[in-house]
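Worksheet: the structure to be examined is printed underneath.
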Amino acid sequence: MRGLGWLRVLGAVVLAAPATAAAQQVGAGPAGEATERAPDATGAAATVAPADPADSEAMAEARDLFERGTRLMQNENWDMALVELERSYERYPMRSALFNLAMCHKALHRYRAALARFDEWQDRFAEAASEDERLRVARAQEELRQYVGFLVVESEPPGATVVVDREEHGTTPQERPLGLDIGRHQLDVSLEGYVTSSRDVVVVPLETVRVTVALERERPATAGLGPGPQGDGSPATVEADAGVDEPCDDGNEVPGDGCDLDCTFSCTALADCDATCAWGSCVVTAAETCNSADDDCDTVLDDGFACTPDETEPCTVGSCAGTRTCTSSCTWGTCVAGSTETCNGVDDDCDGTTDEGFDCALGATESCTTACATDGSRTCETGCTWGACCAGVETCGNDCDDDCDGLTDERCGGAIPCADDGPCTVSGLVCNENWGICVVASCVGRDDFTPCETVTAPDRSYDICVGGTCVSPGCGTASCNAPGPNWTLADTGQRTCYDATAALASCPGTPGTSGCEATAFCGQDAQYGWDVTHLATERFTRTTDAQPVVTDNVTGLMWQGCSRGQSGSDCSGTASPSNWSTALSDCDDLTWGGHSDWRLPDDYELQSIVDHGVSSGARIDPAAFPATVATSFYWSSSSFAANASNAWSVTFSCGDVASIDKTNTPPYVRCVRRGS
């Protein structure tokens with residue numbers, strides 16, 4: 001899955017209701033199962049009239065219920081949406097209704113139910129769905145499995161009924177592990193003639209918890225001989241009417257003379273000797289205490305307490321699996337993580353410190369002084385050791401390789417134009433004639449995104465180093481994809497601070513000061529970043545001529561102010577879609593706003609202008625990017641790693657990212673250039 005993860009791009013997705021139910025369904029499939037037509041490239045589904053009028057009536061009712069459920073989802077009324085969508089799916093099964101059902105369960109934190117619904121979608125509808133739909137569901141399943149664990153219950157003897165959280169789940173032995181949401185659950189195991197065993201179990205992510213229960217037989221009432229009915233040891237005497245058998249016999253044949261029998265206790269609690277000289281049920285008077293013993297004789301140790309001393313169970317510390325032990329006071333001790341810290345930039349043992357025991361934390365940076373006595377920085381590299389100290393830019397005139405790129409005083413004296421593939425006047429550099437700049441001759445040991453020169457068909461202008469090799473993004477293979485953003489990341493846009501219940505009029509405390517840690521709710525996102533010193537309207541600036549150019553003042557990228565096919569200050573005209581190859585060529589050949597070094601943006605760049613704060617229309621700043629098409633996708637230059645015949649694209653209807661066949665039209669096109 002791409003690095004963004006489906007939580008960001010899928011978590012807010014609600015499949016919209018079709019214009020008609022017939023536009024989503026094509027009647028009954030094999031064995032009476034309803035099937036569904038996949039939408040075409042524009043998002044519309046093929047319309048096929050149902051053969052059975054009864055089906056049409058059920059489909060129409062299902063459509064109305066689906067639309068109500070979808071509106072409730074958009075208002076985040078998940079419980080009511082779940083009811084309407086379940087009714088819709090019962091009337092006529094549509095894959096869009098099943099998808100939204102799963103999303104409702106996820107929003108209500110019912111991860112097991114959500115995963116089950118997505119699994120049902122895969123079994124029932126995947127074959128008829130589009131590749132984009134299948135990819136979306138696969139991403140959802142992958143993320144949900146992080147929140148589900150499994151339970152296997154065994155009993156001795158077998159055949160016992162298993163009840164989890166008051167819901168019956170068959171008998172032992174179980175055919176397959178029981179999927180449950182992670183966390184604590186109440187387990188009851190019962191079998192006729194045996195005492196029911198009850199306990200708490202904790203289910204952890206992606207693991208199977210096994211519980212074996214040894215059931216104890218129920219204890220029958222105990223009869224015996226003991227003291228008399230007065231409890232003073234006197235003989236128990238029972239009188240009987242003449243001619244009637246005595247209730248108990250002392251050995252003679254005289255009816256009605258009573259009998260003398262002794263009763264004895266068989267337990268230490270109080271009981272009464274009845275007329276048959278048998279003791280009633282033993283009533284235990286001892287109270288349960290925390291001592292690892294069954295004080296009240298109910299077969300359960302330390303019941304009423306959280307646990308039994310020295311008992312252990314799995315637990316989690318942050319994202320780390322661990323174990324906790326019951327203390328002598330029958331309370332759970334601290335969860336102790338079982339992971340060992342490794343050099344990976346992750347807090348493996350969840351103790352709040354990353355990569356402890358190594359020279360540095362992987363990926364950390366710090367200031368330093370270069371071998372040329374200039375200010376620089378160094379990064380903690382693989383193996384958690386500090387890399388070379390290098391300056392951000394070359395210091396001209398000191399005959400030193402300040403930036404550790406193997407060149408001395410390169411690019412000093414301003415940009416050096418060039419027009420062919422011959423060597424540049426700066427030592428060690430060659431000419432990239434499409435950019436008109438001098439670039440490195442080899443990418444070995446170079447940082448990703450370093451400008452370089454390679455020849456492709458056609459030759460793209462934005463050749464860069466990726467993994468030590470010079471490539472042209474958009475050349476058609478997954479190896480050409482840029483490794484990540486090479487610009488200042490845009491801020492989140494969060495400008496309000498909150499307490500535990502509501503928004504605050506002003507943010508508390510000052511981050512970076514010693515008082516912030518002692519100030520409640522200090523250090524929120526709204527107190528950091530570009531947003532702190534800038535207004536929201538300062539993010540983009542836009543020229544107003546016939547070929548407007550939009551400058552992103554955070555990332556430094558410059559964007560074509562209108563979509564391909566539009567122009568003017570208000571982007572009049574109709575946006576013109578194209579296939580992927582045409583989009584690449586058009587951006588390479590574009591002269592717009594006085595610039596001729598335009599190119600098709602990669603997927604990271606295209607996502608940087610998505611505005612998730614817009615509630616309707618295109619999810620993009622409408623003042624900076626007017627007339628943006630909100631109903632379809634825009635091309636990126638990034639090929640899909642799993643299938644190079646597809647490329648990544650972004651839709652501004654919801655900010656979603658998807659891979660699309662490169663021959664499709666639409667998507668639409670908006671070109672970008674690196675700011676000067």
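The values are calculated or read from the model by the stated rules, or taken from the named source; none is laboratory data. Note that the coordinates shown come from a computational prediction; the quantities given were computed from them, not determined experimentally. No Cβ is skipped: glycine too gets one built from the backbone with ideal geometry, and neighbour counts run over all protein chains shown. Keep in mind that these areas ignore ligands, DNA and RNA; they rest on the heavy atoms of the full protein, side chains included. Shrake-Rupley method; radii C 1.70, N 1.55, O 1.52, S 1.80 Å.
Points worth noting:
- In plain terms, the chain from residue 167 to residue 346 could stretch by 60.6 nm, reckoned as 0.36 nm per residue minus the Cα-Cα distance.
- Heavy-atom accessible surface of the stretch 493-624: percent carbon and sulfur, 1.4 Å: 50
- Contact order for the stretch 293-418, expressed relative to its length and based on alpha carbon pairs under 8 Å spaced 6+ residues apart, stands at 12 percent.
- Residues whose placed amide H lies under 5 Å from that of residue 406, excluding near-sequence neighbours: none
- Highest-first arrangement of 503-511, 521-529, 599-607, where packing means the average Cβ count within 10 Å: 599-607, 521-529, 503-511
- Under Karplus coefficients 6.51, -1.76 and 1.60, residue-wise ³J(HN,Hα) of the stretch 386-392 in Hz, glycine/proline x: 6, x, 5, 8, 10, 7, x
- Gained length - residue 210 relative to residue 79, 0.36 nm times residue gap less alpha-carbon distance: 43.9 nm
- Taking amide H atoms as placed 1.01 Å from N in the peptide plane, the amide H of residue 194 lies under 5 Å from those of 218, each 5 or more residues away in sequence or on another chain.
- Working from the Cα coordinates of the stretch 485-560, the gyration tensor eigenvalues give, after taking √(5λ), semi-axes of 33, 13, 9 Å in decreasing order.
- At a probe radius of 1.4 angstrom, the accessible area of the stretch 599-676 per residue rounds to 32 square angstrom.
- 9 Å beta-carbon shell around residue 549, net charge (K/R +1, D/E -1): +1
- The residues packed around residue 189, meaning those with a beta-carbon under 10 Å from its beta-carbon, carry a net charge of -1 if Lys and Arg are +1 and Asp and Glu are -1.
- Inter-site label distance for residue 174 and residue 553 at 7 Å from Cα along Cβ, in nm: 5.9
- Separation in nanometres of the label points that stand 7 Å from Cα toward Cβ, at residue 287 and residue 506: 5.6
- Computed E for residue 645/residue 518 - FRET, C-beta separation, R0 45 angstrom, nearest 0.05: 0.20
- 5 angstrom amide H check on residue 324, placed H, neighbours 5+ away: 313, 315, 336
- Over all other residues within a Cβ to Cβ distance under 13 Å of residue 443, the charged ones net out to -4, with Lys and Arg as +1 and Asp and Glu as -1.
- Residue 116 versus residue 569: modelled label distance in nm, points set 7 Å from Cα along the beta carbon direction: 6.1
- Backbone N atoms of the stretch 183-204 closer than 16 Å to the 7 Å Cα→Cβ label point of residue 109 belong to residues 183-186, 203-204.
- Rounded to whole numbers, the Karplus 3J(HN,Hα) couplings from phi for the stretch 147-152 are 10, 10, x, 9, 10, 10 Hz, using 6.51 cos²θ - 1.76 cosθ + 1.60 with θ = phi - 60°, and x at Gly and Pro.
- Computed lengthening from residue 661 to residue 489, 0.36 nm per intervening residue step minus Cα-Cα distance: 59.1 nm
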